[in-house]
Amino acid sequence: MVAATIRDVASEAGVSVATVSRVLNKSSQVTEETYQKVQAAIDALDYSPSQTARRLSMGRTHTIGVVVPFLTLPSYVERLRGVESILAASEYDLVLFSADTPEKVNSYFTQLSRPVRTDGVIVISLKPDDYHAKRFQEANIPIVLVDARHPELTSIVVDDTAGGYTATCYLVELGHQKIAYLCDYLENPFGFIAMQDRFEGYKQALIEVGIDFQPEYLQQGELGGREAVSLAKKMLSADDPPTAIFAASDIHAVGVLKAAQELGIRIPEELSVIGFDGIRDSEYLEISTIHQPLFNSGVISVELLLASMLEDSKVEKEKIMPTQLLVRGTTAPPNK
């Protein structure tokens, strides 16, 4: 059976399509008699209006777009859980855009800066360039960045430099001097800046206590745990291996632990490891880490976005969230 259309309802009721639309949108311009005729036609034809069409006719889509890279990585999943926890109780639907290439990032930014796509946008770890930032502003589409910054857009970040500094200072306080840093490529096509900022914090802490930075103690490669295992093995098999490794994420830290296990290196007796993020795996594996509020950053991103949709609303441009050192079982003083 072919579903009835709004034109069928108009024909059945003997009115115009515009009048049926007014009834569906509960317009005060429709008389009670006309309302009853249209409603009777709707019931007789078992008509169900397209929600998408109704929303667009009202100038709203009732959707929030979320652009995220590498959708399956735990830190992104945790942020998305925070986003969904708020949107699930709202009138808005969540639409995900998985941007796993720079080309997709640019394509999604172009699409989402058109008013007919979404009512608002949350972007995780990706920074729009000036051109796309201006498009969002000119289209009057609210946008909130998480784990990224643009001077003209609202953002939620942690102080990654301070987090890297804290992690390295903790290792120094334990007595380590041979401290390595393992991360994704510092220069990357997505423009991620967290790894660079954490690296800056790492170097600041070394400089403060007079420890020279050793280039061989910097290992960087493709994103992922498997690559981290390979990088850690290379570092730990060197003639003068580090006694501690600051892994730029907990995923990297898990890779370091696996590499140490395969090489027969005891944790923390022979090697201390500290990560960054505070994902669930770090808790299960008792990894010392710098915890950042991933779930809460997702929650607050929605709250700021919804607030910015209100007329005459004033939303803070940048919100900096705290990090916390969590000491667990993978760090100890160096083995003398």
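Coordinate-derived values only; no laboratory data. This is a predicted model, so every value here is computed, not measured. In this analysis, Cβ positions are derived from the backbone assuming ideal geometry, glycine residues included, and neighbour counts consider all displayed protein chains.
Using Cα atoms only, what is the angle between the long axis of helix 160-173 and the major principal axis of the chain, expressed in degrees (0 to 90) to the nearest 10? Roughly 30 degrees, rounded to the nearest 10. Extending 7 Å from the Cα toward the beta-carbon at both residue 234 and residue 101 defines two label points whose distance is 2.6 nm. If only the Cβ of Lys and Arg carry +1 and only the Cβ of Asp and Glu carry -1, the dipole of the stretch 6-49 around its Cα centre is close to 200 debye.
Which of rounded, prolate, oblate describes the stretch 160-293, given a ≥ b ≥ c as roots of the alpha-carbon gyration tensor eigenvalues and a/c under 1.5 marking rounded, otherwise prolate only if a/b is larger than b/c?
Details: a/c = 1.21, a/b = 1.04, b/c = 1.16.
Rounded, because the longest to shortest axis ratio a/c is under 1.5.
Rg then Dmax, both in Å and based on the Cα atoms of the stretch 6-49: 8.9, 24.
For the stretch 214-336, rounded, prolate or oblate, judged on the Cα gyration tensor with a ≥ b ≥ c (square roots of eigenvalues), a/c < 1.5 rounded, else prolate if a/b > b/c?
On the way: a/c = 2.98, a/b = 2.49, b/c = 1.20.
The shape class here is prolate.
Taking every alpha-carbon pair within the chain, the share separated by more than 35 Å comes to 39 percent.
Taking R0 as 35 Å, what FRET efficiency do you get between residue 211 and residue 71 from their Cβ-Cβ distance, rounded to the nearest 0.05? Intermediate results must be reported in sequence, preceding the final value.
Working: r = 38 Å, r/R0 = 1.10.
My answer for the efficiency is 0.35.
Annotation: the stretch 247-307 has a Kirkwood hydrodynamic radius of 12.8 angstrom, from the mean reciprocal C-alpha pair distance. Rounded to the nearest 10 degrees, the angle from helix 225-236 to the longest Cα principal axis of the chain is 10 degrees.
Put a dot 7 Å past the Cα of residue 187, heading toward its Cβ, do the same for residue 314, and the two dots end up 4.3 nm apart. Exposure proxy shown here: for 149, 266, the number of other Cβ atoms within 10 Å sets the order, fewest to most, as 266, 149.
Provide the packing ranking of 237-245, 192-200, i.e. peptides ordered by the mean count of other C-beta atoms within 10 Å per residue, highest first. Don't jump to the answer; show the numbers that get you there.
Working: 237-245: 17.6, 192-200: 21.0.
Packing proxy ranking, top to bottom: 192-200, 237-245.
Taking the Cβ of residue 185 as the centre, find all other residues whose Cβ is under 12 Å away and add up their charges (Lys, Arg: +1; Asp, Glu: -1).
Working: positive: none; negative: 184, 187, 222, 227.
Charge balance near residue 185 sits at -4.
Taking only Cα atoms, what is the 0 to 90° angle, nearest 10, from helix 250-263's long axis to the longest principal axis of the chain? It is inclined by approximately 40 degrees. When each of the peptides 96-109, 274-287 is scored by the mean number of other C-beta atoms lying within 10 Å of its residues, the order from highest to lowest reads 274-287, 96-109.
Computed packing ranks the peptides 34-46, 75-87 as 75-87, 34-46, most packed first, by mean other Cβ atoms within 10 Å.
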